[in-house]
Amino acid sequence: MELSATAASPLAALGPGSLAGYWRFQRAVAKAQLAAWLPDPRKLLVDISGPYASASAQAAGRGHTVIRVVAPAEAEPHGTAEPHRAAGPHRTTEPRRATEPRRARTARARPGSIVPVAAEPASLAFLCDGCADGVIAEDGALSRQLMTEDLAAEIARVLRPGGQLLASVDSLVLGMAILAEQHRWAHLTDLSHAEVVLIPWPDGTITRCFGVSQFTELLTEAGLEVGWVRPRTVLSPSMVDRVLRQDPAAIARLVRTELAAGQDRAGGLLPAESFGISLVAAARKPGPAQRPPR
């Protein structure tokens, strides 16, 4: 059984090439949400978002040192994806094996650099306790792990007190859409009663979907304080795609509208369960923030 590695377009497996404008909009919203979440510069961040996300480059561009976890198959010369290389002045290195001594690895890291480390994304065992100021688990990284609880506990372990997490998962809305597309009506009926929701993609891979309460419980039980959970987007994909077909330059206005709607939803004005094919959460490890040693 394999987990879904589909990334940039969560519904691409159901309709390749459809709603191209919406996927462009969704990526722009994700970039804006990450920009708002990123802490002050010169922090040590760990990015487990996978090979398709651009979070590492964005964080490095803000002056952070980013340890980017690259699956061993992706780190090999003939793997399915090459390690991301930041453009411009942001320095990257070749992928390093997780067995390399931690002190040597972090000593060579410089602010504004991306340090790829070849390791299984489901485990952060190569990192010591309380070493990171933040963890980025975008692009549904938690949904690609069947034992999501173990990964959430690992994230909490490597965070310093006061350290931050930004994570996204596939939502129950997406799970319901996939099941309906596949005419799995019996499974769709039982979905609301399931404690763990595993959804098969058409390509045979599996994604784990969450509702707002399930996502909140996952992070809370890992020992994290949840600041907010909200859908990635609430604007209708068909509406966004139609607007962008008429005026591609309207994407900036749409993103601003989406971010404003997200703030209203965080205040409880909109039922978060009813929107979005993915959920995004911000959480922190309890305790005062600590300054990393010089």
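Structure above, values below:
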read-out: Accessible area of ASP203 in the full protein assembly, 1.4 Å probe (Å², nearest 10); value: 90 Å²
read-out: Sequence-distant residues sharing a close amide H with VAL70 (under 5 Å, placed H); value: VAL117, ALA118, ALA119
read-out: Distant-in-sequence amide H partners of GLY162 (H built 1.01 Å from N, under 5 Å); value: LYS285, GLY287
read-out: Calculated diffusion of region 109-184, Stokes-Einstein form, Kirkwood radius summed over Cα pairs, 20 °C and 1.002 mPa s, µm²/s; value: 150 µm²/s
read-out: Rounded Å value of the spacing that divides the Cα centres of region 129-172 and region 42-67; value: 14 Å
read-out: Inter-label distance, nm, simple model (7 Å from Cα along the C-beta direction), MET239/ALA252; value: 2.2 nm
read-out: Segment ALA73-VAL196, extension gain: residue separation times 0.36 nm, minus the distance between their alpha carbons; value: 41.5 nm
read-out: Stretch gain in nm, segment LEU259-ARG110, where the contour uses 0.36 nm per residue and the Cα spacing is subtracted; value: 50.4 nm
read-out: Surface accessible to a 1.4 Å probe, LYS43 within the full protein complex, Å²; value: 60 Å²
read-out: Accessible area of GLU120 in the full protein assembly, 1.4 Å probe (Å², nearest 10); value: 110 Å²
read-out: Using θ = phi - 60° and Karplus 6.51 cos²θ - 1.76 cosθ + 1.60, couplings along region 219-226 (whole Hz; Gly, Pro as x); value: 6, 5, 5, 7, x, 10, 9, 7
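The values are calculated or read from the model by the stated rules, or taken from the named source; none is laboratory data. Every value quoted in this text rests on a predicted model; they were computed, and no experiment measured them. All Cβ positions, glycine included, derive from the backbone under ideal geometry; neighbour counts span all protein chains shown. To get the accessible areas, we keep the full protein, side chains included, count just its heavy atoms, and leave off ligands, DNA and RNA. Shrake-Rupley method; radii C 1.70, N 1.55, O 1.52, S 1.80 Å.
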